[in-house]
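In what follows, a single structure is set out as structure tokens and then discussed.
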Amino acid sequence: MSACRTPPVPDVFDPRRYAAGVPHDDYRLLRDRHPVAWQEEPEVLGWPAGPGFWAVTRHADVVRVLKDAAAFSSHLGATQIRDPDPEDLPFIRRMMLNQDPPGHGRLRRLVSRAFTPGRVERFAAVARSRARALLAAASEAARETDGTVDLVAAVTDEYALLNLADLLGVPEGDRRLLLHWTQRVIGYQDPDEAGRPVLDETGRPVNPRSPALLRDMFAYAGELAAHKRRHPADDVLTTLAHDAELDHHELEMFFFLLTVAGNDTVRSAAPGGLLALTEHPEAYERLRSGQVEVRSAVEELLRWHPPVLTFRRTAVRDVELAGRRIRAGDKVVVFHASANRDERAFPHPDRLDPGRAPNPHVSFGDGPHVCLGAHFARLQLRLLHEEVLRVLPAPRLAGPAGRLVSNFINGIKSLPVQVL
């Protein structure tokens with residue numbers, strides 16, 4: 001009789017794996033056998049190798065890391081798995097996302113003045129009208145073909161982009177720039193999204209978050225802020241441009257953060273939720289019949305398909321987590337999609353239950369860095385799903401969803417659906 005062996009640690013780093021779907025079986029193995037597991041970080045897709053990191057996959061451990069900024073820093077090495085170039089790190093640390101308390105709290109309070117629930121709610125009527133118009137156009141396009149439409153290209157990309165542009169106050173003629181910048185920063189691991197990477201003089205790809213590749217975005221942010229000072233309006237950038245406590249570097253970084261994170265959260269969550277509902281027609285029917293509220297379903301769809309797969313922290317000091325000794329300076333990466341399927345936190349986690357309560361998912365993070373735009377994202381998702389339920393009696397998948405090559409964003413690039 002052979003001795004029982006602990007199964008090997010699966011690789012959940014390689015971004016190419018996620019193009020085939022989130023590796024939930026491997027996540028389960030990690031949670032059960034290796035809840036804090038060392039991951040190698042080899043060269044992938046031309047991006048250089050890194051030193052490796054600890055993958056944290058259980059819900060309780062993920063929450064602990066996200067809440068304990070004193071032990072797990074966003075500032076030391078920023079929040080992406082890949083280490084930034086050392087010369088870029090001071091620049092990247094200016095962003096609120098890459099700061100720790102108390103500096104992080106100051107910036108969060110400043111931007112919260114602009115990102116108020118009242119202002120967000122005023123966009124509700126516009127967002128609902130936009131969802132309705134996009135769905136009507138998609139249905140009309142489907143009638144002219146075989147009844148099939150790509151809901152990403154026809155609905156969700158435009159919906160997320162135009163809502164964000166309204167909230168920020170970006171002029172209509174400039175709105176495609178937001179999508180261009182988002183794809184460049186978020187989709188840099190995916191050749192279809194980013195194209196050929198920009199190389200430095202040594203032939204290495206340039207980090208899309210480096211000053212060199214953000215220069216055009218920052219120049220635009222400065223020009224738009226100057227315009228808002230001369231022509232104020234009821235939008236977020238007007239408020240930020242008139243805030244005397246913000247210097248121009250901080251305003252540029254806020255524009256970057258809101259443009260990329262504000263766009264891609266909904267851009268990823270919306271088609272992910274629609275994909276889940278087409279794969280679970282019984283859940284869709286419960287929603288259409290009114291058995292379950294859409295607000296509750298939005299939370300479950302976020303649990304099922306979190307827009308962000310991972311976030312990185314750096315250990316400030318030696319610390320123990322799930323029995324593993326983590327050394328000061330080690331990279332620690334939380335896996336949101338794994339935490340959201342943890343049997344220790346969710347009964348029957350592999351069942352899509354639109355009425356699930358409680359639902360302590362971590363799709364918008366936790367602790368001091370919980371998503372600042374979560375309220376706006378939830379509002380957009382609720383309105384979109386309400387309109388989908390109203391106009392699409394029984395949407396069905398017409399082919400596999402196209403997924404982003406990324407170990408960071410749980411992106412859906414295409415979603416062919418039979419709508420007629």
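With a Förster radius of 56 Å applied to the C-beta separation of Ala153 and Arg325, the computed FRET efficiency comes to 0.70. For Ser406, the residues whose modelled amide H falls within less than 5 Å of its own, excluding neighbours fewer than 5 places apart on the same chain, are Tyr18, Ala19.
Loop-located trypsin sites (Lys or Arg not before Pro) in segment 345-420 (DSSP state not H, G, I, E or B) with no more than 14 neighbouring Cβ atoms inside 10 Å: Arg351. Computed 3J(HN,Hα) for segment 17-27, one whole-Hz value per residue from the Karplus formula 6.51 cos²θ - 1.76 cosθ + 1.60 where θ = phi - 60°, is 4, 6, 5, 9, x, 5, x, 5, 5, 5, 4, glycine and proline marked x. In this structure the amide hydrogen of Gly329, modeled in the peptide plane, comes within under 5 Å of the amide hydrogens of Ala315, Val316, Arg317, none closer than 5 places in sequence on its chain. Helical runs (DSSP H, four residues minimum) scored at -39500 (n - 2.57) apiece and divided by the length of the chain put the mean residue ellipticity at 222 nm at -13500 deg cm²/dmol. Solvent-accessible area of segment 132-261 (1.4 angstrom probe, protein heavy atoms only): carbon and sulfur portion equals 54 percent.
Could you tell me which residue out of Leu45, Val63, Val12 lies farthest along the dipole of segment 1-104 toward its positive end? Charges go on the beta carbon: Lys and Arg +1, Asp and Glu -1, centred on the Cα centre. Highest projection toward the positive end goes to Val63.
Other residues whose C-beta falls under 15 angstrom from the C-beta of Pro15 contribute a net charge of -3, scoring Lys and Arg +1 and Asp and Glu -1. Ranked by the mean number of other Cβ atoms within 10 Å of their residues, highest first, the peptides 306-318, 45-57, 329-341 come out as 329-341, 306-318, 45-57. Across segment 86-93, rounded Karplus estimates of 3J(HN,Hα) from the backbone phi angles (6.51 cos²θ - 1.76 cosθ + 1.60, θ = phi - 60°) give x, 6, 8, 4, x, 5, 5, 5 Hz, Gly and Pro being marked x.
Averaging the sequence gap over all C-alpha pairs within less than 8 Å and six or more residues apart, then dividing by the number of residues, gives the chain a relative contact order of 27 percent. Summarising the amide proton neighbourhood of Ala398: residues at separation of 5 or more, or on other chains, whose placed amide H is nearer than 5 Å comprise Val417, Gln418.
Can you work out D for the chain in µm² s⁻¹ from Stokes-Einstein, where Rh is the Kirkwood radius over C-alpha pairs, the temperature is 10 °C and the viscosity is 1.306 mPa s? Using the Kirkwood radius from Cα pairs, D works out to 71 µm²/s. Once the gyration tensor of the Cα atoms in segment 218-350 is diagonalised, the equivalent ellipsoid follows with semi-axes of 36, 28, 11 Å, ordered largest first. Evaluated with a Cβ-only charge set (Lys, Arg +1; Asp, Glu -1), segment 87-128 carries a dipole of roughly 320 debye about its Cα centre, given to the nearest 20. The peptide list 271-278, 67-74, put in order of mean Cβ contacts within 10 Å with the highest first, becomes 271-278, 67-74. With Cα atoms as the point set, the radius of gyration and Dmax of segment 81-129 evaluate to 16.1, 46 Å.
Sparsely packed loop sites in segment 112-185 (the GluC sites (Glu not before Pro) outside DSSP H, G, I, E and B with at most 12 other Cβ atoms within 10 Å) comprise Glu144.
In this structure, Arg230 and Leu89 have a Cβ-Cβ separation that, at R0 = 35 Å, corresponds to a calculated FRET efficiency of about 0.50.
The values are calculated or read from the model by the stated rules, or taken from the named source; none is laboratory data. Keep in mind that this is a model prediction, so the values were computed, not measured. Here the Cβ is made from the backbone with ideal geometry for all residues, glycine too, and neighbour counts use every protein chain on show. Areas reflect the complete protein model, heavy atoms only, side chains present, ligands, DNA and RNA absent. Shrake-Rupley method; radii C 1.70, N 1.55, O 1.52, S 1.80 Å.
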